[in-house]
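Peer 1: Have a look at the structure that comes next, please.
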Amino acid sequence: GSSSPSVDLTLIHRADCIMSNSAEFSRQVAQGELSEIGVQVITDTAVVEITEDSVRLCSAGADPSAESFEIPADLVLWAAGSRPSSLLPSLQIPLDPNGQVVTDRFMRVAAAEDGVGKLFALGDAAKCGTLTGSETPSTAQAAMQQADYVAWNVRASLQNDKLLPFRYQDLGEMLSLGEDSAAVSSLGLLKVKGSAGSNLRRAIYAARMPTTAQAAKVGLSWATDAAFGVLRKALQPK
Ligand SMILES: Cc1cc2nc3c(=O)[nH]c(=O)nc-3n(C[C@H](O)[C@H](O)[C@H](O)COP(=O)(O)OP(=O)(O)OC[C@H]3O[C@@H](n4cnc5c(N)ncnc54)[C@H](O)[C@@H]3O)c2cc1C
C-alpha cells in the first residue's frame, strides 16, 4: 500500500508543561508518545493571532506588540479553555477569578450570613475549599465524590446535624493516547501504559458502568472492535 503523506504537527501550550493538572506518570507517558510520533511541543508560548496560513505566537506573559513570531500552518485545531456557565455572574454570589463559585469546605456557598447553609455548589462550577483547605480538580471523579457530601450536608443542614467537610480522594487517572495506547495510574501503586494500559482502561470503564447491562454492552462493543481490528490486520495485503 501507499505510505501516508508526512505531516508536521506542532502543539502550542501556554503553560510551562503540557497537562499540568495530570498525574506525573500520565504526563511523562504522553510526552514520550508525542515525541515518538514526531509532534513538536512548544510550551510557555501564547497564540496571539491566527491567519489564513499561519499562527503568530509570543512568549507567555510577554507583550506581543514588542516581540512575536510566526509559524506557517495549513490547519489549526483550537482546543483551549473551558469556563463556568455565564449564568453564574448574574447570581450575585462570590466567584473566584476563573468564574467558579467559591464554597467553604462543606460545599456551602459563601453568601451573605443568612444565606450560608442554604446554597451549595459542586462540580466544575464550584471552587471548593478556597476559604479553607486544599483545592479540588474539575473532573467527573471529583464531582461524583462531592455529590455524596452535598447530599449528606443538605440533609444535615435541614436537621441541624453535623456537616461533613469535603475531602477529595484522588483515585487515579486514566488517559487515552490513541486507539491502542493509554496511561493508567492509581494511588501511586499502579502504573500501566501502552497497549496493556489501553485494555486496562477499557476494562475499568466497563466495570464502572452504572448497571450490569451497560457494563456488558460496553465490554462487548470493545471486544467486537478488538476482534475486527485483529481480523483487519490479518487480512491486510502485505
Ligand atoms: C472532553 C472532556 C473530557 C473529559 N474527560 C474526563 C475524564 O476522563 N475523567 C474525568 O473525571 N473528568 C473528565 N472531564 C471532566 C468532566 O466532564 C467534568 O468534570 C464533569 O462533567 C463535571 O460535572 P458537573 O456536573 O459539574 O458539570 P457538567 O457535567 O458539565 O453538567 C452541568 C450540566 O448543567 C447543564 N446546564 C448548564 N447551564 C444550565 C442552565 N442555565 N440551566 C439548566 N442546566 C444547565 C449543562 O447542560 C450540563 O448538563 C472531561 C471533560 C471534557 C470536556
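Peer 1: Quick one: go through the stretch 61-100 and flag any residue whose amide nitrogen is under 17 Å from the point 7 Å out along the Cα-to-Cβ line of residue 157.
Peer 2: Within reach of a label on residue 157, which here means backbone N under 17 Å from a point 7 Å along Cα→Cβ, the stretch 61-100 contributes 91-95.
Peer 1: For 25, 69, which order do you get if you count the other beta carbons within 10 Å of each Cβ and list the fewest first?
Peer 2: 69, 25
Peer 1: Report the one residue of 214, 185, 195 whose Cα lies farthest in the direction of the positive end of the charge dipole of the stretch 173-221 (charges on C-beta: Lys and Arg +1, Asp and Glu -1; origin at the Cα centre).
Peer 2: 214
Peer 1: Right, here's the next one. Among the lysines in the chain, how many pairs, 8 or more places apart or on different chains, have alpha carbons under 23 Å apart? The partial results should precede the final answer.
Peer 2: Numbers: 118/127; 118/162; 127/162; 193/233.
Count of close lysine pairs: 4.
Peer 1: Right, another one. What is the dipole size for the stretch 138-238, taken about its Cα centre, with +1 at each Lys and Arg Cβ and -1 at each Asp and Glu Cβ, in debye to the nearest 20? Mind showing how you got there, number by number?
Peer 2: Working: 12 positive and 7 negative charges, 59 e Å.
That gives a dipole near 280 debye.
Peer 1: Size of the dipole of the chain about the Cα centre, Lys and Arg at +1 and Asp and Glu at -1 on the beta carbon, nothing else charged, in debye to 20? Each step should come with its number before you reach the end.
Peer 2: Details: 20 positive and 26 negative charges, 274 e Å.
Using Cβ point charges on Lys, Arg, Asp and Glu, the chain gives about 1320 debye.
Peer 1: What residues qualify as long-range amide H neighbours of residue 54, i.e. H under 5 Å apart, gap of 5 or more or another chain, H built at 1.01 Å from N?
Peer 2: 73
Peer 1: Moving on. Classify the stretch 173-221: rounded, prolate or oblate, from the alpha-carbon gyration tensor (a ≥ b ≥ c, eigenvalue square roots; a/c under 1.5 rounded; otherwise prolate if a/b is larger than b/c)? Display every interim value, and only then the final one.
Peer 2: Working: a/c = 3.02, a/b = 1.57, b/c = 1.92.
Cα axes put the stretch 173-221 in the oblate bin.
Peer 1: Which is farthest toward the positive dipole end of the chain among 20, 90, 150, measuring Cα position about the Cα centre, with Cβ charges +1 (Lys, Arg) and -1 (Asp, Glu)?
Peer 2: 150
Peer 1: Below 8 Å, C-alpha to C-alpha, sequence gap of six or more: please give me the relative contact order for the stretch 99-238 in percent. Show your work: numbers first, answer last.
Peer 2: Working: 180 pairs, mean separation 18.5, N = 140.
Once divided by the residue count of the stretch 99-238, the mean separation gives 13 percent.
Peer 1: How far is helix 194-207 tilted off the main Cα axis of the chain, in degrees rounded to 10, range 0 to 90?
Peer 2: Between the helix axis and the principal axis of the chain, the angle is about 40 degrees.
Peer 1: Now for a separate question. What ranking do 58, 128, 17 get, fewest neighbouring Cβ atoms within 10 angstrom at the top?
Peer 2: On the way: 58 18, 128 28, 17 12.
Fewest-to-most ranking of 58, 128, 17: 17, 58, 128.
Peer 1: So, one more: Could you pull the Cα extents of the chain along its three principal axes, largest to smallest, in whole Å?
Peer 2: The Cα atoms of the chain stretch 72, 58, 32 Å along their principal axes.
Peer 1: With the cut-off at 1.5 for a/c, could you classify the stretch 10-72 from its C-alpha gyration tensor as rounded, prolate or oblate? Before the final figure, lay out each step's value.
Peer 2: On the way: a/c = 3.35, a/b = 1.70, b/c = 1.97.
Here the stretch 10-72 falls in the oblate category.
Quick note: the coordinates plus some simple rules give every number you see, no bench work behind them. These numbers were taken from a predicted model, which means no experiment stands behind them. All Cβ positions, glycine included, derive from the backbone under ideal geometry; neighbour counts span all protein chains shown.
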